[in-house]
Amino acid sequence: MAALGVVVPMLLGLGLGLGLGHAAPPVVLWHGMGDSCCNPRSMGYIRGLLQRRLPGTYVLSLRLGASALQDVENSFFMNANDQVREVCGQLAADPHLKGGYNAIGFSQGGQFLRAVAQRCPSPPMLNLISVGGQHQGVFGFPRCPGESSHICDWIRKTLDLGAYTPAVQEHLVQAEYWHDPLREEDYRKSSIFLADINQERGVNETYKKNLMALKRFVMVKFLNDTMVDPPISEWFGFYKSGQAKETIPLRETLLYTEDRLGLQEMDKAGKLLFLGVEGEHLQFSEQWFCATILPFLQ
């Protein structure tokens, strides 16, 4: 399902400087579930890496709350719409970003930053890079971060009992992108976050226009992912409606064929990129990140 968002760097100190003569556009990072803005093993590490490889570039790692601990808690319990609204305010108030910025979202941070792109076009997002983001949501919780965690157990039980009840939708982040292919009508009616940004209840032309303004929308799928169910959600695919075994790619979904979000037009313009990386959810090397992701940030 959603992921802890902790990146385990496998190859360190590679010396892959880009030799840039000027600062790249600012970069905004949004972490995954159970992580924080500044964890030295995840977002703190990525922020430092970007600052080393892109000298002079402003890098903002988003924090929701007054402390790193509150940031972690909010990744579970702060309404996703409220999170997006607060982040939009942070970005609008940051003078470093007024000319535009690149965005990298890790796990659930990927779909949250897409919501920012759709809802808050100022300052402009230039490129969106989703690293393991679940853009069609999840249906299952196969490997919650920390199998012995009482939070993980509670989330599983809560989602099983009533993912689409108002109280759960309002207060459990993971319920807000829970997509049950066996209860599509309930999902469309009751999902307060994902069904909205995925145009499930009608077409918001502003969402469509704003997303299409991106230069590129890059989606990274982890090819050995056992945490996201189904993994194809990381490439905007999902289960065929009415069952939970067979999946279909983005290009076969109604969202694409009816072009409710502009993804078909973006695809034809070469703005959609589908990248795969060997490994478990959010497990990648510094070498891969530098070779694959950094070129989109220049």
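The values are calculated or read from the model by the stated rules, or taken from the named source; none is laboratory data. Please read these numbers as outputs of a predicted model, since none were measured by experiment. Every residue, glycine among them, receives a Cβ derived from its backbone with ideal geometry; neighbour counts consider all protein chains shown. With ligands, DNA and RNA removed, areas are computed over all heavy atoms of the protein, side chains included. Shrake-Rupley method; radii C 1.70, N 1.55, O 1.52, S 1.80 Å.
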Report task. State the number of residues belonging to the stretch 194-236 that are among the polar types (S, T, N, Q), in a helix (DSSP H, G or I) and open to solvent by 40 Å² or more (accessible area, probe 1.4 Å). Result -> 1
Requested in this report: Could you pull out the residue among 63, 52 that is open to solvent by 10 Å² or more (accessible area, probe 1.4 Å), part of a loop (DSSP other than H, G, I, E, B) and at pLDDT 95 or above?
Outcome: 63
Query raised in the report: Only one of these conditions is not met by residue 282: (1) touching a Lys or Arg at 6+ places or on another chain (Cβ under 9 Å); (2) on the phi > 0 side of the Ramachandran plot. Which number is it?
Result: (1)
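Condition (residue is among the acidic types (Asp, Glu) and touching a helix residue (DSSP H, G or I) at 6+ places or on another chain (Cβ under 8 Å)) applied to the stretch 272-295: is it met by at least one residue? Don't jump to the end; show me each part of the working.
Step one: of the stretch 272-295, the residues among the acidic types (Asp, Glu) are 278, 280, 286.
Now narrow it down to the ones that are touching a helix residue (DSSP H, G or I) at 6+ places or on another chain (Cβ under 8 Å): 286.
So far as the stretch 272-295 goes, yes, one or more of its residues are among the acidic types (Asp, Glu) and touching a helix residue (DSSP H, G or I) at 6+ places or on another chain (Cβ under 8 Å).
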Report summary line: Looking across the stretch 265-283 at residues that are of a type in the set (Gly, Ala, Ser) and outside any strand (DSSP E or B), the single one that is nearest to residue 228 (Cα to Cα) is 279
Report task. Determine whether residue 34 is part of a loop (DSSP other than H, G, I, E, B), touching a residue at least 60 places away in the same chain (Cβ under 8 Å) and over 23 Å from residue 217 (Cβ atoms). Result -> yes
Query raised in the report: Hey, does the stretch 165-173 have a residue that's at pLDDT below 95, more than 27 Å from residue 275 (Cα to Cα) and in contact with a Cys (Cβ under 9 Å, 6 or more places away or on another chain)?
Result: no
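Scan the stretch 237-247 residue by residue and report those that are out of contact with any Ser or Thr (no Cβ under 8 Å at 6 or more places or on another chain) and in a loop (DSSP other than H, G, I, E, B).
At the first step, the residues of the stretch 237-247 found to be out of contact with any Ser or Thr (no Cβ under 8 Å at 6 or more places or on another chain) are 241-247.
Hits for the stretch 237-247 are 241, 242, 243, 244, 245, 246.
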Query - Matching option when the condition is free of Cβ contacts under 8 Å to residues at least 40 places away in the same chain, surrounded by 15 or more Cβ atoms within 10 Å (Cβ to Cβ) and either at positive phi or among the aromatic types (Phe, Trp, Tyr) (or both), among 164, 239 - result: 164
